[in-house]
Structure formats: structure tokens, C-alpha cells
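The values are calculated or read from the model by the stated rules, or taken from the named source; none is laboratory data. A quick note: this is a predicted structure, and the numbers were derived from the prediction, not measured. Here the Cβ positions follow ideal geometry from the backbone for every residue, glycine too, while neighbour counts run over all protein chains shown. To get the accessible areas, we keep the full protein, side chains included, count just its heavy atoms, and leave off ligands, DNA and RNA. Shrake-Rupley method; radii C 1.70, N 1.55, O 1.52, S 1.80 Å.
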Amino acid sequence: MTSKQWQLAGDAATRYEAILVPAILGPFAKALVDWADLKPGSTVVDVGCGTGAATRYAAAKIGHSGKVIGTDVNPGMLKVAQSLPKIDGAPIDWQQETAYDLPMNVETADAVLCAQTLQFLDDRPKALSEMHRILKTNGILYLSLWCPIEQNPYFYNLVNTIADHLGADTAAGLGAAFKLSDPDEIQSILHAAGFSELETTVAEIKLDLPPVQKFVPRHIHATPMGPGYDAASPAAQQAILDELVKLLFECQTDAGICVPFRSYLVQAVK
Ligand SMILES: C[S@@+](CC[C@H](N)C(=O)[O-])C[C@H]1O[C@@H](n2cnc3c(N)ncnc32)[C@H](O)[C@@H]1O
């Protein structure tokens, strides 16, 4: 069964860092950290840090006198994070822990980042209450969450095409990334967790990706949809790519495709 909590197995975490971070997740991690008011010398916790894209941008932003902790439940993601070259900035402490039981004391963080992760969690209230617990009074939570999938044409066409050819279970591996894309629902769970002074903006970034035939199989293998795609016949795999070439025809450039991606950036104060 395909993971709906973005649990990547085997060397998929390596592919996540090599393919998905430079192409899509990295620019959005940077957008979140650029938008966040992270002060030099502060303590920042990145929850569901994955391979640490946002963690590293935060460490560079707060500088040597600060401290960053990256936490994730997946040991494969953390192993890749730890293997990457050290950045010029705050030291980073990587800790394997679930978002439901963060390994920090009460009121120890000036800011918490949670980049494209809250939507995958089954118990979001519990995770948000943990983020609230570790924040200092007036500390700020910065979240990124994809806008609805219909506003993200690459993901929309990919998920629908995979669903048509390989079934809803495989497609849900990526479709789960859009399970928390309703601004009212986002506001309501943040208020329920005790946060106030909410601010939301939309980050829209046009990303240049390699040609569909080259990029899509690599992308799929860096997501929980990889095993479902591998189990399909070569004919079914080719049909998926042919259909996506047609669906994304208007996005074609000389080098590949250029597609707008849209994510909410949300800040909430303790
Ligand atoms: C799409 S990735 C985002 C990673 C990273 N924040 C980024 O922007 O590249 C989602 C992450 O959530 C993590 N995750 C899923 N369930 C979790 C949980 N219960 N506790 C902590 N992390 C979790 C996954 O292991 C994965 O690294």
C-alpha cells in the first residue's frame, strides 16, 4: 500500500534530495525561510525537516550565534540530511522524532518551521500542540502548505494521470500533499491549537523543469508513488508519460517545461 504520510523507503530519500529538492521543494523551502522573520542568534526548530532544505536555509539566515534543530520521523531522510556539506551558519542538530512528541523542552524555540509536512500528519492537533508547547511566548510558527491541487497544474495532471492508469491508491502517495489546502481549515486548526495573529500569503514560483519524459519518472521515484509505478507494465508507464506530454503541452519551453507552483505560507504567533 502506498504511504500517505510521505514515508520513503530504501534510497528514495537520496532521490528526494537529488531530484525533488532542487526542482520543487528547495525553492519553496527558501521562500518560506525568506518570508519568515528569523532573527540572528535565535533558536529554530524545523519539524518534518526531511533532508533539511528549510533547516539549512534557516541556519544560514540566523548565523553562527543561533541554533537549529531539524526533526523528522524518517531515519532515511535524516541520514541524507546529515551527509550533506555543512553550511556557513548556525550549527544544526538532527533528531529523529515524531512530530507528536518533539524532543525539546517547553518554551525553548523562537521559531518553528514546518515545510510541506503538516498535511501528511494523521493527528494534526497533537502535532500543533507540540509546536505550540516548544515555542516561547510570542514565538512564531511558519508553515508551508500547497494551495489546492487545481492551482498546481503539474501536480494536478500528474496525480490524475497516475490515478487513471495505476489507480487511486498509488496516486494518493502524492495526492496526500493536498489534504490541507483549505485556508479556513488551516486557520481553524491553528486557532484551536492556541495560535493567534495568523497571516497567510501565497508564494507562486514558476519552475523550469526538464522535459516530461525525462523528469516525471525521476520525480515519481522520489515520491511514495515509486513502488506503484515500478509495478506497472512498460506500456502503462509510457502511456502515462505520453498523456502528460499532451496535458502540459502549453508549458513547453526549448529546454523542458515551465510551470507555476503555488503554496500558502502561513505564520501564527504563540
Ligand atoms: C514532503 S516531505 C517535506 C520535507 C521537508 N520539510 C522539505 O520541505 O523538503 C514531508 C516530511 O514529513 C515527514 N513526516 C511524516 N510524518 C511525520 C511525523 N509523524 N513526524 C515527523 N515527520 C513526519 C516525512 O518523513 C517527510 O520527511
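This model, with +1 at the C-beta of Lys and Arg and -1 at the C-beta of Asp and Glu, gives the chain a dipole about its Cα centre of some 540 debye. A Gaussian network model of the chain, with springs between Cα atoms under 10 Å, assigns the largest mean-square fluctuation among 44, 202, 159 to 202.
Label zone of residue 269 (point 7 Å out along Cα→Cβ, amide N under 16 Å): in the range 39-60 this covers 39.
What is the distance in Å between the Cα centres of the range 221-257 and the range 73-116? Cα centroid of the range 221-257 versus Cα centroid of the range 73-116: 33 Å apart. Counting only DSSP beta bridges with both residues in the chain, the antiparallel share comes to about 50 percent.
Relative contact order of the chain, taken over Cα pairs closer than 8 Å and 6 or more residues apart, is 23 percent.
When the charge dipole of the range 202-270 is built from unit charges on Cβ atoms (+1 for Lys and Arg, -1 for Asp and Glu) and taken about the Cα centre, the candidate among 267, 216, 252 whose Cα reaches farthest toward its positive end is 267. In this structure the range 206-270 gives 46 Å² per residue of accessible area when probed at 1.4 Å with all protein chains present.
At an R0 of 35 angstrom, the distance between the Cβ atoms of residue 84 and residue 235 translates into a FRET efficiency of 0.40.
The count of lysine pairs in the chain whose Cα atoms are under 15 Å apart, excluding pairs fewer than 8 places apart on the same chain, comes to 11. Starting from the Cα of residue 64, move 7 Å in the Cα-to-Cβ direction to define the label point; list residues of the range 72-105 whose amide nitrogen is under 16 Å from there. Under 16 Å, as judged by backbone N against the label point of residue 64, lie 86-92 of the range 72-105.
Compactness check for the chain: Cα Rg over 2.2 N^0.38 Å is 0.99. Ligands, DNA and RNA left out, the 1.4 Å accessible surface of the range 127-209 is 46% carbon and sulfur atoms. Using the Kirkwood formula on the Cα atoms of the range 101-206, what hydrodynamic radius do you get, in angstrom to one decimal? Computed over Cα pairs of the range 101-206, the Kirkwood hydrodynamic radius comes out at 15.2 Å.
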